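K.L.:
Below are the structure tokens for one structure; questions will follow.
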Amino acid sequence: MIGHEKTFYSWGGKVTSGSHGEELVWRGDPLPAGARPRLAHGLGRSYGDSCLLNDGCIVETQRMDHLIAFDSATGVVRCEAGCTLAKLLEFCVPRGWFIPVSPGTKFVTMGGCVANDVHGKNHHRAGSFGCFVTRFGLRRSDGAERECSPENHADLFRATIGGLGLTGIILWVEVRLKPIRSPFIRQRTEPLRGINAFFEVARREEAHFDYSVAWLDATHAGTPRGVFIAGNHAEENHAPHFPRSSPRCSVPLTLPDFVLGAWSIGLMNAGYYAANALHWGESRVGYDGFFYPLDAVAHWNRAYGKKGLAQYQFVVPMEFGPEALRETLGKAQAARQASFLTVVKLFGAIPSPGLLSFPRPGVTVCFDFPHLGASTERLLDDLDRTVFACGGALYPAKDARMSRESFERSFPRHREFKELIDPACSSNFARRTGLTA
Amino acid sequence: MKHILVLGATSAIAQAFCRARATPGARFWLMGRNEARLRIVADDLMARGAAAADVRAIEPGNFSSLKTAVEEGFRVNGRFDLFLAAQGSLPSQDLCEGDPGLLSKFFQASAVDIMQAALLVADKFEHQGDGACVILGSVAGDRGRRTNYVYGAAKSALETFCEGLRQRLEPASPVILVKPGPVDTPMTAHLQKNALFSSPEKVAVAIMSAIQRRAAVVYAPFYWRWIMMLIKILPRRLVKRLRA
């Protein structure tokens, strides 16, 4: 443990104050002593403040990245919590295995994937990340390491998956990988016009594809348009694929706020649509380009300027989907808030073991606004009204503002969860939503 | 390059290097100070497909534990293609100035142990007729600096040592001194990071290419060669007034 004063950032540009960083490099090492609350922190890719803790001790885990065991017959891999998906992919893809559930970036840690019970383009087929976790090691403030699985410490197992790091420090994770025969994805793109198309095309095509997602041009006036993107792992390995181990380029410094304004966002969205419109249909792409397009640019969040970005992701039951999408889109456009990247995805019915798991049957929509201050806050409050009127929920990993009431409405099992929080753990998110003091 | 002997195997650079070499058939003999940590490194290499990864804990300053471990390694593995010495620490300059015990402890672990191990290995390599020696130095060894001259002194001792050992083992065994600039590792966790910091993986790549080229002294990343060349020609009259 090596401790020092340090400021931590989340991907959306939130910062800590008065926090102390302690690196956890070896999983056998004791946790920092002292009465200060603590929180594990991997790569800080949560957008809001669930990965931050003011006036506390932040346990940095990214150097704790060893593999522990790998079974090449079953594809079960055990690795330390700081191991990133990028490192795991580098290891498993050449051996014919893939991460069972991939979020939109590979620069996240395994511990973070468990703590946020992340989801991916294959939720309709596979469920969330937590569905593939067979067990993990958790160190609580009493000092003992517990091996948690559906059989062993089942209550902590369910609480830690999606538990936002509040149940203790995750030391290692064991997951079932998915066999693949090629590092390539056979991708299919199709234009979408009108709100209903987002649901009809997805429902029609879902049965044929492991992965599917829809991108929506939220800046386009008139009939909403978008791109339906679906894919399967290619059957045969035609050519070697060399994934990026580090980003291709980087945004070297925080850009001035005007760079990503409504005008430029509109232009980029139109450009993205036009680029796709050139070649609808099938193509073969590397897994990096399919799953992690934004990873090509390091620190892309800096493009949003000093105030950062406000991600807003919600899920509503399927029957309210079209209505919720139409209404939120209308509200964003009426508020003249351009969303850079808007994504619509239908969640499937496979339940996650996590008590606080966000994915649930229905449709999830994710907006990505430059943070413009009070006007953005007002818009998000307004979007909340739509979401909760539809019986929906907000995603903690992308949130920096939800109230205790919103949290409790989103996660009905919060009481059960609270019982299992490690008394030494806390986060800015947990304090705001009343999970910890 | 299948049989690898490492002193200081828990160092971030040694780990990055070993991971990249953990292919089927690779055999590692990992020596270091902390057995539990060595075990974690060994499990990682085995999971990546290494054929064997044994660990031996060495007590700093205890020559017999070092000698036993090295000899056992050669006995078990038959031979080694590579000896990598990555053991070392970055002590606080201020503490070393006030605590003579700390100074000798530091020198023991970061210089003396390494020389003793290298000499044991040199005998074996002479007998074997091949095998490469890679020793981690530092740019800090090129010129003394107010803020870390104790660390720099140990590293420059290794440089002079390597120069002589290189003559002794020529031409059968190359002796390679790798001088990284600042690297983002647990050793430097307390330092403020800047653009000059490199990663253990990049240094590992530099080590591998140095072995293939049988280079004598390599800087990692390469541009430190030019930076240090400039710093080395600064006149002493100027340098002694510097405070950094």
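K.L.:
Let me know the mean shielding of A:60-66 by other chains, meaning the per-residue number of their Cβ atoms within 10 Å of its Cβ.
P.N.:
3
K.L.:
Ok, one more. Residue by residue through segment B:180-185, which ³J(HN,Hα) values in whole Hz follow from phi under the Karplus form 6.51 cos²θ - 1.76 cosθ + 1.60 (θ = phi - 60°), with glycine and proline marked x?
P.N.:
Computed from phi, the couplings for segment B:180-185 are x, x, x, 10, 6, 9 Hz.
K.L.:
Please report the antiparallel percentage of the DSSP beta bridges confined to chain A, to the nearest 5. Present the calculation step by step, with values, prior to reporting the outcome.
P.N.:
Details: 66 of 77 bridges.
If I count the DSSP bridges inside chain A, around 85 percent turn out antiparallel.
K.L.:
Dipole of chain B (Lys/Arg Cβ +1, Asp/Glu Cβ -1, origin at the Cα centre): which of B:Ser89, B:Phe74, B:Leu242 lies farthest to the positive side?
P.N.:
B:Leu242
K.L.:
Could you give the size of the charge dipole of segment A:1-111 about its Cα centre, using +1 on the Cβ of each K and R and -1 on the Cβ of each D and E, expressed in debye and rounded to the nearest 20?
P.N.:
In total the dipole reaches around 220 debye.
K.L.:
Next question, about the same structure. 7 Å from Cα along Cα→Cβ at both A:Arg244 and A:Ala221: what's the point-to-point distance in nm?
P.N.:
My value for the distance between the label points is 3.4 nm.
K.L.:
Sorting A:Arg63, A:Arg186 by accessible area (1.4 Å probe), largest first, what list results?
P.N.:
Details: A:Arg63 55, A:Arg186 100 Å².
The ranking, largest first, comes out as A:Arg186, A:Arg63.
K.L.:
Using a 1.4 angstrom probe with every protein chain in place, what is the largest-first accessible-area order of A:Tyr9, B:Tyr223? Before the final figure, lay out the partial values.
P.N.:
On the way: A:Tyr9 140, B:Tyr223 80 Å².
The residues order as A:Tyr9, B:Tyr223, largest area first.
K.L.:
Can I ask one more? If I take the Cα coordinates of segment B:58-216 and project them onto the principal axes, what are the three extents in Å, biggest first?
P.N.:
43, 34, 26
K.L.:
Could you give the size of the charge dipole of the protein assembly as shown about its Cα centre, using +1 on the Cβ of each K and R and -1 on the Cβ of each D and E, expressed in debye and rounded to the nearest 20?
P.N.:
About 1520 debye.
K.L.:
Here's a follow-up. Determine by what factor the alpha-carbon radius of gyration of segment A:1-105 differs from 2.2 N^0.38 Å, reporting the quotient. Before the final figure, lay out each step's value.
P.N.:
Working: Rg = 15.7 Å, N = 105, 2.2 N^0.38 = 12.9 Å.
Taking N as the residue count of segment A:1-105, the ratio is 1.22.
K.L.:
As an exercise, find the ratio Rg/Rh for the protein assembly as shown from alpha-carbon atoms, using the Kirkwood inverse-distance average for Rh.
P.N.:
On the way: Rg = 27.1 Å, Rh = 27.1 Å.
That ratio is 1.00, to two decimals.
K.L.:
Further, regarding this structure: At q = 0.21, 0.22 Å⁻¹, what log₁₀ I(q)/I(0) does segment A:67-180 have when each alpha carbon counts as one equal point scatterer in the Debye sum?
P.N.:
With no solvent term, the Cα-only Debye profile gives -1.15, -1.26.
K.L.:
Going from most exposed to least, what order do A:Met318, B:Met229, A:Met402 have by accessible area with a 1.4 Å probe? Please list the in-between numbers first.
P.N.:
Values: A:Met318 55, B:Met229 95, A:Met402 0 Å².
Highest to lowest solvent-accessible surface, that is B:Met229, A:Met318, A:Met402.
K.L.:
Just the isolated ones, please: cysteines in chain A lacking another cysteine beta carbon under 4.7 angstrom.
P.N.:
Here A:Cys51, A:Cys57, A:Cys92, A:Cys113, A:Cys131, A:Cys148, A:Cys249, A:Cys366, A:Cys390, A:Cys425 come out as lacking a disulfide-compatible partner, given the Cβ-Cβ threshold of under 4.7 Å.
K.L.:
In terms of the ratio Rg/(2.2 N^0.38 Å) built on C-alpha atoms, what value belongs to segment A:383-427? Don't skip to the end; give the middle numbers.
P.N.:
Numbers: Rg = 11.9 Å, N = 45, 2.2 N^0.38 = 9.3 Å.
Rounded to two decimals, the normalised Rg is 1.27.
K.L.:
Two decimals is fine: what's Rg over Rh for segment A:322-437, C-alpha atoms, Kirkwood radius as Rh?
P.N.:
Numbers: Rg = 15.1 Å, Rh = 15.5 Å.
Reported Rg/Rh (Cα atoms, Kirkwood Rh): 0.98.
K.L.:
According to a simple spin-label model (label point 7 Å from Cα along Cα-to-Cβ), what is the distance in nm between A:Glu236 and A:Arg385?
P.N.:
5.8 nm
K.L.:
Then there is this: Pop out the Kirkwood hydrodynamic radius of segment A:184-401 from its pairwise C-alpha distances, inverse of mean 1/r, in Å to one decimal. Walk me through the numbers on the way to the answer.
P.N.:
Numbers: mean 1/r = 0.0544 Å⁻¹.
Evaluated on segment A:184-401, it is 18.4 Å.
K.L.:
Another question about this same structure. Take the alpha carbon gyration tensor of segment A:210-253, find the square roots of its eigenvalues, order them as a ≥ b ≥ c, and report rounded if a/c is under 1.5; if not, report prolate when a/b exceeds b/c, else oblate.
P.N.:
Numbers: a/c = 4.13, a/b = 1.29, b/c = 3.19.
Oblate, since a/c reaches 1.5 and b/c is not below a/b.
K.L.:
Within 11 Å, Cβ to Cβ, of A:Gly12, how many net charges do the neighbouring residues add up to if Lys/Arg are +1 and Asp/Glu are -1?
P.N.:
Numbers: positive: A:Lys14, A:Arg45, A:Lys307, A:Lys398, A:Arg401; negative: A:Asp49, A:Asp368, A:Asp399.
Around A:Gly12, the charge tally is +2.
K.L.:
Here's a follow-up. In nm, what is the difference between 0.36 nm times the number of residues separating B:Ser209 and B:Thr147 and their Cα-Cα distance?
P.N.:
Working: separation 62, 0.36 × 62 = 22.32 nm, distance 3.14 nm.
Result: 19.2 nm gained on full extension.
K.L.:
Kindly identify segment A:238-311 as rounded, prolate or oblate by the Cα gyration tensor criterion: order the square roots of the eigenvalues as a ≥ b ≥ c, call it rounded if a/c is under 1.5, otherwise compare a/b with b/c, prolate if a/b is larger, else oblate. Don't jump to the answer; show the numbers that get you there.
P.N.:
Working: a/c = 3.26, a/b = 1.42, b/c = 2.29.
Cα axes put segment A:238-311 in the oblate bin.
K.L.:
By how many degrees, between 0 and 90 and to the nearest 10, does the Cα long axis of helix B:12-21 differ from the longest principal axis of chain B?
P.N.:
That helix lies at roughly 40 degrees to the long axis.
K.L.:
What ranking, highest mean first, results for peptides A:126-139, B:31-44, A:421-434, B:86-99 when packing means the other Cβ atoms within 10 Å averaged over each residue? Before the final figure, lay out the partial values.
P.N.:
Values: A:126-139: 23.4, B:31-44: 19.7, A:421-434: 21.4, B:86-99: 17.1.
For the peptides A:126-139, B:31-44, A:421-434, B:86-99, the packing ranking is A:126-139, A:421-434, B:31-44, B:86-99.
K.L.:
Could you give the length gained on full extension between A:Arg284 and A:Met318, defined as 0.36 nm per residue of separation minus the Cα-Cα distance, in nm? Intermediate results must be reported in sequence, preceding the final value.
P.N.:
Numbers: separation 34, 0.36 × 34 = 12.24 nm, distance 3.11 nm.
Stretched out fully, the A:Arg284 to A:Met318 stretch lengthens by 9.1 nm.
K.L.:
Same structure again: Give me the number: length gained by fully extending A:Arg181 to A:Thr134, i.e. 0.36 nm times residue separation minus the C-alpha to C-alpha distance, one decimal in nm. Mind showing how you got there, number by number?
P.N.:
Details: separation 47, 0.36 × 47 = 16.92 nm, distance 2.34 nm.
Computed gain between A:Arg181 and A:Thr134 is 14.6 nm.
K.L.:
While we're here: May I ask you to give the solvent-accessible area per residue for the protein assembly as shown, in square angstrom, as obtained with a 1.4 angstrom probe? Write out the running numbers ahead of the final one.
P.N.:
Working: 27900 Å² over 681 residues.
Counting only protein heavy atoms, the per-residue value for the protein assembly as shown is 41 Å².
The values are calculated or read from the model by the stated rules, or taken from the named source; none is laboratory data. Just so we're clear, the structure is a prediction, and the values are computed from it rather than from any experiment. Don't worry about glycine lacking a Cβ; one is built from the backbone with ideal geometry, like all the others, and counts go over all protein chains shown. Each accessible area value is taken on the protein alone, full model and side chains, heavy atoms only, with ligands, DNA and RNA left out. Shrake-Rupley method; radii C 1.70, N 1.55, O 1.52, S 1.80 Å.
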